[in-house]
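The values are calculated or read from the model by the stated rules, or taken from the named source; none is laboratory data. All values derive from a computational prediction rather than experimental measurement. We place every Cβ from the backbone using ideal geometry, glycine too, and count neighbours over all the protein chains shown.
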Amino acid sequence: MTPRACIIDCDPGTDDAVALWLALGSPELDIRLVTVAGGNAGLATTTANARAIVALAGRAVPVVAGAAGALLRPFEVAAHVHGKDGLAGVRLPDGPPLAPGLAADAIRDVLRAAPYASVTLVGLGPVTNLALALAAEPALADRVAEIVLMSGAWGEGNITPAAEFNAWNDPEALQILLGLGRPLTMATLDLTSQACVTPGRIAGLAAQGRPGPAAPRGGACWQAALAILRALPPSPRMGDRGYPLHDPCAIAWLVAPLLFAAREGFAEMELAPGPSRGRTVIDRWGRTGRAPNLRLLETLDAEGFFALLAARIAALP
Ligand code: RIB
Ligand code: CA
């Protein structure tokens with residue numbers, strides 16, 4: 001099966017790191033480019049983290065920096081979750097220098113050279129870079145096979161009662177993507193809350209890695225991923241269910257879609273100032289009469305998801 005050409009835009013970010021290692025360890029995906037925005041931390045931190053994450057996997061995928069802020073306002077960071085360093089205190093060796101240029105231009109360069117409907121865009125943070133790329137050259141949208149996002153919620157939010165962090169940090173950018181008319185799949189908080197990390201789950205994962213009596217189970221990426229999982233703070237929203245592993249769910253959809261059940265829906269953004277700004281207003285039942293504009297991932301086989309995570313990341317260097 002021909003690997004799926006992908007561009008991953010991210011804001012590493014603890015769960016972004018695990019998602020990137022899952023993607024880089026999955027032969028089903030051909031990661032052409034990693035682009036970075038601010039979000040979980042400032043852009044300088046998220047780009048340094050992205051370079052280190054990709055390098056630890058021993059891959060020469062270009063990493064290009066992009067948006068330091070949203071289309072209409074600065075980003076607000078999430079140090080309370082990811083720490084000031086964006087990786088919950090887990091130190092990685094520095095990666096190589098950034099590839100030159102800006103993320104939105106690099107995304108367009110890849111799309112311009114690609115055949116029709118051949119490139120999958122993955123958004124793991126605020127989608128400012130993706131929106132800038134496609135708003136500047138709308139004709140390139142026809143090179144996009146699918147947009148896959150960790151974003152939004154039809155239930156309660158996680159940064160405000162109404163909104164999920166990525167959508168809330170740049171709702172106008174997400175509205176641009178929702179209006180493109182290209183296949184769009186969304187892993188919302190309602191899905192990612194089914195992929196919760198608990199101490200027991202981590203212990204099981206640590207035992208799974210790459211078996212070897214002498215060497216630690218798994219390579220440096222797996223050890224770093226386990227260290228990150230151990231460092232994740234408890235989620236007040238999830239109580240004793242642990243911490244939801246958000247971004248890897250978007251990658252798992254591309255690698256193992258049979259782990260999911262999905263339905264079509266219609267979503268639009270709440271853009272007005274106020275307590276609901278940034279909310280993804282999601283219609284799962286056809287109540288608005290609007291034509292569907294996205295696929296919603298509704299359920300996840302969590303055991304299969306974590307087994308996939310262990311198998312793919314433990315096989316990395
Ligand atoms: O709301 C969860 C999302 O916000 C994840 O992508 C996490 O990395 C943060 O960016
Ligand atoms: Ca993220």
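Can you find, within region 1-23, the residue that is farthest from Ala67 (Cα to Cα) among those that are at pLDDT 95 or above and surrounded by fewer than 24 Cβ atoms within 10 Å (Cβ to Cβ)?
Selected residue: Pro3.
Can you name the number of the only condition in (1) within 28 Å of Pro183 (Cα to Cα); (2) within 16 Å of the chain's Cα centre (by Cα); (3) assigned to a helix (DSSP H, G or I); (4) not acidic (Asp, Glu) that Val81 fails?
It fails just one condition, (1).
Out of all the residues in region 112-128, which are more than 17 Å from the chain's Cα centre (by Cα) and surrounded by 22 or more Cβ atoms within 10 Å (Cβ to Cβ)?
none
How about region 176-196: which of its residues are within 13 Å of ligand 1 (Cβ to nearest atom) and of a type in the set (A, V, I, L, M)?
Within region 176-196, Met186, Ala187, Leu189, Leu191, Ala195 qualify.
Being under 21 Å from Ile251 (Cα atoms), among the aliphatic types (A, V, I, L, M) and out of contact with any helix residue (DSSP H, G or I) (no Cβ under 9 Å at 6 or more places or on another chain) is true for just one of Ala145, Ala153, Ala173. Which residue is that?
Matching residue, one of Ala145, Ala153, Ala173: Ala145.
I'd like to verify a number: residues in region 243-284 that are outside any helix (DSSP H, G or I), of a type in the set (Asp, Glu) and within 16 Å of ligand 2 (Cβ to nearest atom), how many?
Final tally of qualifying residues: 0.
Looking only at region 8-43, count how many residues are touching a strand residue (DSSP E or B) at 6+ places or on another chain (Cβ under 6 Å) and hydroxyl-bearing (Ser, Thr, Tyr).
1
With under 19 Å from the mean Cα position of the chain (by Cα), within 11 Å of ligand 1 (Cβ to nearest atom) and touching a residue at least 60 places away in the same chain (Cβ under 8 Å) as the only criterion, which of Ala145, Ala131, Ala153, Ala173 stands out?
Ala153
Looking at region 5-26, I want the residues that are farther than 15 Å from Ala88 by Cβ and have a partner that is of a type in the set (Ser, Thr, Tyr) and within 13 Å of ligand 2 (Cβ to nearest atom) with Cβ atoms under 9 Å, at least 6 apart or on another chain. Which pairs are those?
Pairs that qualify, where the first residue is farther than 15 Å from Ala88 by Cβ and the partner is of a type in the set (Ser, Thr, Tyr) and within 13 Å of ligand 2 (Cβ to nearest atom), are Ile7/Thr35; Ile8/Thr35; Asp9/Thr35; Asp9/Thr128; Cys10/Thr35; Cys10/Thr46.
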